[in-house]
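*Asks:* Structure in structure tokens, see below.
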Amino acid sequence: MPILLQGHERSITQIKYNREGDLLFTVAKDPIVNVWYSVNGERLGTYMGHTGAVWCVDADWDTKHVLTGSADNSCRLWDCETGKQLALLKTNSAVRTCGFDFGGNIIMFSTDKQMGYQCFVSFFDLRDPSQIDSNEPYMRIPCNDSKITSAVWGPLGECIIAGHEGGELNQYSAKSGEVLVNVKEHSRQINDIQLSRDMTMFVTASKDNTAKLFDSTTLEHQKTFRTERPVNSAALSPNYDHVVLGGGQEAMDVTTTSTRIGKFEARFFHLAFEEEFGRVKGHFGPINSVAFHPDGKSYSSGGEDGYVRIHYFDPQYFEFEFEA
């Protein structure tokens, strides 16, 4: 049986494990940021302060700090243990993506193109309090064409990999801000980007009904996982050749179909063969975010229904489909 986490009133926007995997952070289209003990689903605390939907969350390498970005036009830094707000960075539009670099000293976040404001990626060095106090990042990259809908730090914190509304993937230098690589393999918006454990590969989830595997350094396209519905999130198993996809229809179409037709299962694909080999039911609506536990023995999914589920599974159980 999965562990069911009920801590949000609105649909889940992102879920994320810390590096050890003992904590699970969840954010939703409500102002609540929750942290849970992933072993038994106990809620450990809530980071209170946002006044709008929270789009993104990240924890640093040693789980000292938590970063959140919200539609209330702010990115906030929290003390993980005490829940105290350490920094408030105000923006002109909603903060869509955020993340700590490898060392936990530099944060990046991207803002939406809305209300006449441009889409920017901002970089702050947390070791320099003057940047925080003055609300002035050391670097800001404008994105003129289509807004960033998902972004992660690349290997060694030398670049960030950003997915756009139009389906493009860009690699921006974290030093100069220039575009290092640009590819367009998706035909529609990229909803999610997640790295492999060793950061050599990443998987994208797109509205064009596919998830794709890329090389982190060259952005070379390697594999495609096809479905019949928009893919909202995809994650790579840390110890098996497995990819889990979460998605479903657009939220507004959900009431018109049964849950089976709506395809609200988490779907497992083989990384090399690109074949689907398993499905896990459970959500009463599209899945918006999936994440593997760092030990690979469980994964979590957060849905449009506001629930987060932690599923334990034995990957060996699925393997029979590949026996000759």
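The values are calculated or read from the model by the stated rules, or taken from the named source; none is laboratory data. Everything numeric here is computed off the predicted structure, so don't read it as measured data. Every residue, glycine among them, receives a Cβ derived from its backbone with ideal geometry; neighbour counts consider all protein chains shown. Just the protein is used for accessible areas: all its heavy atoms, side chains included, with ligands, DNA and RNA removed. Shrake-Rupley method; radii C 1.70, N 1.55, O 1.52, S 1.80 Å.
*Asks:* Restricting to the stretch 42-78, count the residues that are hydroxyl-bearing (S, T, Y), in contact (Cβ under 8 Å) with a residue 40 or more places away in the chain and either over 24 Å from W153 (Cβ atoms) or surrounded by fewer than 21 Cβ atoms within 10 Å (Cβ to Cβ) (or both).
*Replies:* 1
*Asks:* Quick one: is G103 open to solvent by less than 10 Å² (accessible area, probe 1.4 Å), among the small types (G, A, S), part of a loop (DSSP other than H, G, I, E, B) and touching a residue at least 40 places away in the same chain (Cβ under 8 Å)?
*Replies:* Working: open to solvent by less than 10 Å² (accessible area, probe 1.4 Å): no; among the small types (G, A, S): yes; part of a loop (DSSP other than H, G, I, E, B): yes; touching a residue at least 40 places away in the same chain (Cβ under 8 Å): yes.
It is false that G103 is open to solvent by less than 10 Å² (accessible area, probe 1.4 Å), among the small types (G, A, S), part of a loop (DSSP other than H, G, I, E, B) and touching a residue at least 40 places away in the same chain (Cβ under 8 Å).
*Asks:* Return the residues of the stretch 180-190 that are assigned to a strand (DSSP E or B) and open to solvent by less than 40 Å² (accessible area, probe 1.4 Å); say none if nothing qualifies.
*Replies:* V181, V183, I190 - these are the residues of the stretch 180-190 that are assigned to a strand (DSSP E or B) and open to solvent by less than 40 Å² (accessible area, probe 1.4 Å).
*Asks:* What do you reckon, is A94 in contact with an Asp or Glu (Cβ under 7 Å, 6 or more places away or on another chain) and either within 22 Å of T13 (Cα to Cα) or open to solvent by less than 20 Å² (accessible area, probe 1.4 Å) (or both)?
*Replies:* Considered against the rule, which asks whether it is in contact with an Asp or Glu (Cβ under 7 Å, 6 or more places away or on another chain) and either within 22 Å of T13 (Cα to Cα) or open to solvent by less than 20 Å² (accessible area, probe 1.4 Å) (or both), A94 comes out as yes.
*Asks:* May I pose another question? How about the stretch 175-204: which of its residues are in contact (Cβ under 8 Å) with a residue 12 or more places away in the chain and under 22 Å from R19 (Cα atoms)?
*Replies:* D192, I193, Q194, L195, S196, R197, M199, T200, M201, F202, V203, T204
*Asks:* Now, a different point. Got a number for residues in the stretch 211-252 being of a type in the set (S, T, N, Q) and open to solvent by 20 Å² or more (accessible area, probe 1.4 Å)?
*Replies:* So in the stretch 211-252, the residues of a type in the set (S, T, N, Q) come out as 216-218, 222, 224, 227, 232-233, 237, 239, 249.
Still in the list and also open to solvent by 20 Å² or more (accessible area, probe 1.4 Å): 217-218, 222, 227, 232, 239, 249.
Selection size over the stretch 211-252: 7.
*Asks:* Could you list, in sequence order, all residues of the stretch 125-177 that are of a type in the set (K, R) and buried (at least 18 other Cβ atoms within 10 Å of the Cβ)?
*Replies:* As a first pass, look at the stretch 125-177 and keep what is of a type in the set (K, R): 127, 140, 147, 175.
Correct list: K147 only.
*Asks:* Taking D30, is it under 19 Å from the mean Cα position of the chain (by Cα), charged (D, E, K, R), open to solvent by less than 30 Å² (accessible area, probe 1.4 Å) and closer than 16 Å to G83 by Cβ? Before the answer, list the steps.
*Replies:* Details: under 19 Å from the mean Cα position of the chain (by Cα): yes; charged (D, E, K, R): yes; open to solvent by less than 30 Å² (accessible area, probe 1.4 Å): yes; closer than 16 Å to G83 by Cβ: no.
So D30 fails the test.
*Asks:* Now, a different point. Within the stretch 191-210, work out how many residues are outside any loop (DSSP other than H, G, I, E, B) and surrounded by fewer than 17 Cβ atoms within 10 Å (Cβ to Cβ).
*Replies:* Step one: filter the stretch 191-210 for residues outside any loop (DSSP other than H, G, I, E, B), giving 191-195, 201-206, 210.
Filter once more, keeping what is surrounded by fewer than 17 Cβ atoms within 10 Å (Cβ to Cβ): none.
Total meeting the criteria: 0.
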